[in-house]
Amino acid sequence: MIKSEEELSEAIIGASGPLRVVGGGTRSIGKGVVGQTLPVSGLTGVTLYEPGALTLVAKAGTSLAEVETLLAIEGQRLAFEPMDHRGLLGSSGEPTIGGMVAANASGPRRVQSGACRDFLLGVRFVDGMGQVLKNGGRVMKNVTGYDLVKLMAGSFGTLGVLSELSLKVLPVAETCVVLQIQGLDDKSAITALSSALGSPFDVTGAAHIPIGPDGKPVTMVRLEGFGDSVAYRADKLKQALAKFGDISVVSNETEVKAIWQKVRDVEVFQGKPGDVWRISVKPSDGPEVGARLRALGASLQYDWGGGLVWALLGEATDVRGALQGIKGHARLERGSTQATFPSQGQLLDTMAAQLRAHFDPRGILNPGLMG
């Protein structure tokens with residue numbers, strides 16, 4: 001197991017063929033990479049944490065649980081709410097900070113806070129030639145040339161192997177409530193969520209599950225912040241959404257946390273057979289996507305106000321043909337019969353290939369994973 005950046009560099013320099021980069025082993029997304037395993041979960045440890053500066057620096061193999069526990073002691077959190085893939089993918093292991101960044105894992109709060117890449121301040125990584133590279137620092141700033149910090153987020157280990165990361169963190173909200181509307185069809189639900197997100201009330205979660213815990217559709221909006229502010233905004237938003245039906249308010253902290261963890265980790269599909277697709281579109285296109293997928297027999301979950309559609313279908317069902325004409329992209333999150341990462345068009349595919357050739361000229365880092 002690799003335990004230092006120097007060992008990582010030496011292993012890549014000495015590689016005679018493809019390398020399958022493995023961190024915590026929880027996100028088995030993409031085509032299987034055939035090659036020698038490069039285990040990097042030994043790169044562990046928080047090297048700097050300054051609560052007052054809202055800054056944390058950790059080695060890439062550091063477990064996400066360790067980081068979240070440390071942040072919780074100071075009343076802080078990772079604002080982008082990273083998804084835990086284990087339940088959905090049936091994987092084991094321990095999620096790591098490096099894997100989180102490599103996948104740009106971002107949950108329901110992305111609609112308000114942004115994605116993982118938006119909180120990434122700096123990176124250290126080893127490229128395909130064994131060179132140690134670094135970019136960014138410990139504060140947000142403008143950059144010129146390659147913004148390698150953003151580039152590495154979501155690269156799934158195809159451009160370089162992350163060794164250390166700097167992240168901006170934020171305080172935990174004092175209060176959190178969820179407004180719930182029962183029984184809406186998909187179109188009405190997305191309209192309600194769009195109305196909530198377009199309001200001045202700072203919504204931090206907007207999801208719709210067509211088959212909720214009681215078997216009925218449930219539409220959910222989350223508000224967070226200081227107690228008095230949340231109470232005021234919840235009352236005003238409840239009035240604004242009253243035309244969509246009766247609204248209940250969940251304010252118990254444990255219940256609220258459980259609701260959004262289920263949305264974040266797509267619990268509704270966990271343990272159920274079939275392929276799972278992750279489809280990103282304009283929220284206004286969400287209902288049309290849902291209608292087309294229902295024709296294929298899909299079960300659905302909507303997040304990000306309808307902009308993220310999760311779909312559970314029978315094995316070997318390729319949704320891309322059914323979604324032609326709708327702008328966005330569809331990724332097979334769980335399954336083994338189709339290419340996982342979609343084409344982004346000739347121009348972007350060419351640019352991606354050129355970037356891989358630049359950072360990994362030998363083509364040994366997770367080859368074929370992303371096309």
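Annotations
- Here the condition is being of a type in the set (S, T, N, Q), assigned to a strand (DSSP E or B) and closer than 28 Å to R294 by Cβ; of T219, T204, it holds for T219 alone.
- Selected residue (criterion: surrounded by the most Cβ atoms within 10 Å (Cβ to Cβ)) from residues of the range 28-51 that are assigned to a loop (DSSP other than H, G, I, E, B) and polar (S, T, N, Q): S41
- Enumeration of residues in the range 95-117 that are among the small types (G, A, S), surrounded by 23 or more Cβ atoms within 10 Å (Cβ to Cβ) and in a helix (DSSP H, G or I): G98, G99, A102
- Pairs are defined by a Cβ separation below 9 Å, a sequence spacing of at least 6 or placement on different chains, a first member in the range 72-90 that is on the phi > 0 side of the Ramachandran plot, and a second member that is surrounded by 17 or more Cβ atoms within 10 Å (Cβ to Cβ) and of a type in the set (F, W, Y); the pairs so defined are E81/W260.
- Inter-residue pairs, beta-carbon under 6 Å, first closer than 24 Å to S106 by Cβ and in the range 300-321, second among the β-branched types (V, I, T) and assigned to a strand (DSSP E or B), 6+ apart: Q301/I209; Y302/V309; V309/I279; L312/V276
- Checking each residue in the range 170-194 for being over 30 Å from G52 (Cα atoms), touching a Lys or Arg at 6+ places or on another chain (Cβ under 7 Å) and part of a loop (DSSP other than H, G, I, E, B) picks out only G183.
- Selection of the range 339-361 for residues being surrounded by fewer than 16 Cβ atoms within 10 Å (Cβ to Cβ) and farther than 19 Å from K327 by Cα yields T350, M351, A353, Q354, L355, A357, H358, P361.
This table checks each residue for (1) assigned to a strand (DSSP E or B); (2) among the charged types (D, E, K, R); (3) surrounded by fewer than 22 Cβ atoms within 10 Å (Cβ to Cβ).
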residue: G271; (1), (2), (3): no, no, yes
residue: P287; (1), (2), (3): no, no, yes
residue: A291; (1), (2), (3): no, no, yes
residue: Y302; (1), (2), (3): yes, no, no
residue: G305; (1), (2), (3): no, no, no
residue: L312; (1), (2), (3): yes, no, no
residue: A330; (1), (2), (3): yes, no, no
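- Unique match (being modelled with pLDDT under 95 and either charged (D, E, K, R) or surrounded by 15 or more Cβ atoms within 10 Å (Cβ to Cβ) (or both)) among G61, G25: G25
The values are calculated or read from the model by the stated rules, or taken from the named source; none is laboratory data. Since we're looking at a predicted model, the values are computed, not measured. Cβ sites come from the backbone with ideal geometry, for glycine too, and all protein chains shown count toward neighbours.
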